[in-house]
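Novice: Before anything else, here's the structure in question.
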Amino acid sequence: MSIVAPSLLAANFINLEAECKMLNESEADWFHLDVMDGRFVPNISFGPMIIEFIRKSTTKVCDVHLMILEPEKYAEAFKKAGADILSVHIEACPHLHRNIQQIKSLGMQAGVAINPHTPISSLKDVIADIDLVCMMSVNPGFGGQSFIPHTLTRIKELRILIKETGSKAKIEIDGGVTVENAKSIMDAGADVLVAGNTVFKSANPKETISLLKKF
Ligand code: DX5
Ligand code: ZN
């Protein structure tokens, strides 16, 4: 059974409280929160202030995906805002090992996000230290993009690396996840499905979450 992590990037922000309530009443496991800085990715979303409000509206896991440069400057702020899991991008971190240690020493679970073009092998020397790999199945920056099919091969490769190293890291797939492709993603070896538009733009978001949960 998958872990389902709706991405609030696709939520209606003028009705954020109602959106949180809907997720709380649903079978969603995690809240996936996308932070964009307009530098690492060509879009700006929200920061710790909004996450603090969301934190007060749920007891579910807050899974924060940082798409920002210099994440070390903000890790503490995201901890204070209520993040349970904090993921940084491998492409944004020349001192990735240090970033991971910082996140863990702040008492959060550490995740590493990886873009579609970055070799899976570049995770080899940190995989045993982390709790989550956020594998991008689109180029980060925007919701509503199409799933890149080659991701399925990458999931299988990462699953082998995790097994070989005895890592406890979960594989999270982020971008273009739909009810139609969720089975192939889970069959390839994923643990967590992020879904933005598929959940929030559906006629019945709670039911869509239940459907995703079954894979
Ligand atoms: C993209 C974000 C995703 C995004 C997914 O940069 O990291 O989490 O919100 O949105 P959908 O599911 O609509 O592709
Ligand atoms: Zn994300």
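Novice: Please compare each pair in Lys79/Lys168; Lys163/Lys214; Lys80/Lys163; Lys73/Lys213; Lys21/Lys80 to a cut-off of 28 Å on the Cα-Cα distance and tell me which ones are over it.
Specialist: Values: Lys79/Lys168 22 Å; Lys163/Lys214 24 Å; Lys80/Lys163 33 Å; Lys73/Lys213 35 Å; Lys21/Lys80 22 Å.
From Lys79/Lys168; Lys163/Lys214; Lys80/Lys163; Lys73/Lys213; Lys21/Lys80, over 28 Å: Lys80/Lys163; Lys73/Lys213.
Novice: Under the rule a/c < 1.5 gives rounded, and otherwise a/b versus b/c splits prolate from oblate, where does the range 23-64 land using the Cα gyration tensor?
Specialist: Working: a/c = 3.37, a/b = 2.03, b/c = 1.66.
The shape class here is prolate.
Novice: Take the solvent-accessible surface of the protein heavy atoms, probe 1.4 Å, and return the percent of it on the range 114-215 that carbon and sulfur atoms account for.
Specialist: Carbon with sulfur: 55 percent of the solvent-accessible area.
Novice: So how much slack lies between Glu76 and Ala203, counting 0.36 nm per residue of separation and subtracting their Cα-Cα distance, in nm? Intermediate results must be reported in sequence, preceding the final value.
Specialist: On the way: separation 127, 0.36 × 127 = 45.72 nm, distance 3.76 nm.
So the extension gain works out to 42.0 nm.
Novice: Sorted by packing (mean other beta-carbon atoms within 10 Å per residue), highest first, where do 45-57, 164-176 land? List each step's numbers first, then the result.
Specialist: On the way: 45-57: 16.8, 164-176: 19.5.
The densest-packed peptide leads the list: 164-176, 45-57.
Novice: Using the Cα centre of the chain as the reference point, and only Cβ charges (+1 on K/R, -1 on D/E), how large is the resulting charge dipole? Debye, rounded to the nearest 20. It would help to have the intermediate numbers written out before the result.
Specialist: On the way: 22 positive and 25 negative charges, 37 e Å.
Computed charge dipole of the chain: roughly 180 debye.
Novice: Now for a separate question. Please give, to one decimal in nm, the separation of the simple spin-label points placed at Phe13 and Leu106, each 7 Å out from Cα toward the Cβ.
Specialist: That separation, rounded to one decimal, is 2.1 nm.
Novice: Now a separate question. Cα centroid distance between the range 185-203 and the range 1-69, in Å?
Specialist: Each part reduced to its Cα centre gives a spacing of 14 Å.
Novice: Please turn the phi angles of the range 130-145 into ³J(HN,Hα) values with the Karplus equation 6.51 cos²θ - 1.76 cosθ + 1.60 (θ = phi - 60°), one per residue in order, whole Hz, x for glycine and proline.
Specialist: 3J(HN,Hα) across the range 130-145, in whole Hz: 10, 9, 8, 10, 8, 8, 6, 10, 9, 7, x, x, 9, x, x, 8.
Novice: Let me ask another. What number comes out for accessible area per residue over the chain if the probe is 1.4 Å? Units Å², please.
Specialist: 45 Å²
Novice: Using θ = phi - 60° and the Karplus curve 6.51 cos²θ - 1.76 cosθ + 1.60, what whole-Hz ³J(HN,Hα) does each residue of the range 8-22 get, with Gly and Pro shown as x?
Specialist: 6, 4, 8, 6, 8, 6, 6, 10, 4, 4, 5, 5, 5, 4, 4
Novice: For the range 3-213, rounded, prolate or oblate, judged on the Cα gyration tensor with a ≥ b ≥ c (square roots of eigenvalues), a/c < 1.5 rounded, else prolate if a/b > b/c? Kindly include the intermediate steps, with their values, before the conclusion.
Specialist: Numbers: a/c = 1.57, a/b = 1.13, b/c = 1.39.
Since a/c reaches 1.5 but b/c is at least a/b, the shape of the range 3-213 is classed as oblate.
Novice: Along its three principal axes, how long is the range 1-110 when you only count alpha carbons? Whole Å, largest extent first please.
Specialist: Principal extents (Cα only, largest first): 40, 28, 27 Å.
The values are calculated or read from the model by the stated rules, or taken from the named source; none is laboratory data. All figures in this text were calculated on a predicted structure; none of them were measured in a lab. Quick reminder, even Gly has a Cβ in these numbers, built from the backbone with ideal geometry, and neighbours come from all protein chains shown. Remember, those area values only see protein heavy atoms, side chains included, never the ligands or the DNA or RNA. Shrake-Rupley method; radii C 1.70, N 1.55, O 1.52, S 1.80 Å.
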